[in-house]
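The values are calculated or read from the model by the stated rules, or taken from the named source; none is laboratory data. Because the structure is a prediction, the values reported are computed rather than measured. Cβ placement follows ideal geometry from the backbone for every residue including glycine, while neighbour counts extend to all protein chains displayed. Ligands, DNA and RNA are stripped out before the accessible areas are found, and what is left, the full protein with its side chains, is counted by its heavy atoms. Shrake-Rupley method; radii C 1.70, N 1.55, O 1.52, S 1.80 Å.
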Amino acid sequence: MNVATGITITEEQKKQYRDEGFFILERVVPEDQLALVRAECDGFVERQIQQTPPDQFDRKNERYFIAECYKQRNQLGEFVFGDVMAEICKATIGPDAYLFYDQFVVKGAEVGMKFGWHQDSGYVGHPHRPYLTCWCPLDDVCVANGTVYVLPYSRAGTREVQPHVYNEETKDKIGYHGADPGDPVIVPAGSIAVFSSTTFHRSGANTTSKRRRVYVVQYSPEVILNKEGTAPSSQAVPFLKDGKKQ
């Protein structure tokens, strides 16, 4: 166990990340940070509900994608740049890390939409080094409330970025068309599903009576530039350099 963070990332988990593209950490988010992120999420959702016109990915009362929240609420840095995330980055992408992107993903009660099979790198649109996604549920997650499903590399048949097709109806991209249902992540709030940007994942519909809230935070081992190579394609906030916080 890392004494500073109170979490253990085992050699087996590191190997699973390398070989299969993901691993799961249960109950690793400190309670005070979990409370902070929940409160921020609820505030963002209420503001988003009032937004006109809605974001292209949003479906009112069904699904909300609220992007680049740290930019707007630096209080989230306590979690985004905390010790737990530092340990995860070092165990996966290495000693250098930048905040690439962050967003709240909220599925409304009873009508929360599903989201199709995709790789996060499929949304970048040009070649880049794989980056890290930390999928952090703010509520206990299960099949009924639309948890994420991950597809191991060995069953996807690839670890390379695949072509993605835009779905006009659901406003998402689909990159896997096979029959494998994937493995559902069933964990309590404060856990983290850790996976590569080349790992296929999807999520189900929320059929429960409560919202399902998740904070997705992504880190890259270097600044990912836009297609033209002229500017960062997303946030590019320095986090770690040679394993130490910046």
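Which percent of the accessible heavy-atom area of the range 58-115 goes to carbon and sulfur, probe 1.4 angstrom? Working shown, then result.
Details: 970 of 2270 Å².
On the range 58-115, the fraction of accessible area on carbon and sulfur atoms equals 43 percent.
Going through the range 175-246, which chymotrypsin sites (Phe, Trp or Tyr not before Pro) have at most 11 other Cβ atoms within 10 Å and a DSSP loop state?
Taking the range 175-246 and a limit of 11 other Cβ atoms within 10 Å, no loop chymotrypsin sites (Phe, Trp or Tyr not before Pro) are found.
Quick one: with all protein chains in place, what share of the accessible area of the range 124-246 is carbon or sulfur, to the nearest percent (1.4 Å probe)?
Solvent-exposed carbon and sulfur of the range 124-246 make up 53 percent of the total.
Stick to the Cα atoms of the chain, pair each with every other, and give me the Kirkwood hydrodynamic radius in Å at one decimal.
This gives a value of 18.2 Å.
At a Förster radius of 30 Å, what calculated FRET efficiency corresponds to the Cβ-Cβ distance of Gln50 and Glu168, to the nearest 0.05?
Once rounded, the FRET efficiency stands at 0.70.
If only Cα atoms are counted, what is the Rg of the range 47-171, and what is its Dmax, in Å?
16.0, 43
How much accessible area per residue does the chain have, in Å², with a 1.4 Å probe? Don't skip to the answer; put the middle values down first.
Working: 11440 Å² over 246 residues.
Solvent-accessible surface per residue comes out at 47 Å².
As an exercise, use a Förster radius of 25 Å and the Cβ-Cβ distance of Lys114 and Glu160 to find the FRET efficiency, rounded to the nearest 0.05. All intermediate terms of the calculation are to be shown ahead of the outcome.
Values: r = 25 Å, r/R0 = 1.00.
Working from the Cβ atoms, E equals 0.50.
Can you tell me which of 12-19, 151-158 comes out highest on packing, and rank the rest after it, using the mean Cβ neighbours within 10 Å?
Numbers: 12-19: 14.2, 151-158: 16.6.
Sorting 12-19, 151-158 by mean packing, highest first, produces 151-158, 12-19.
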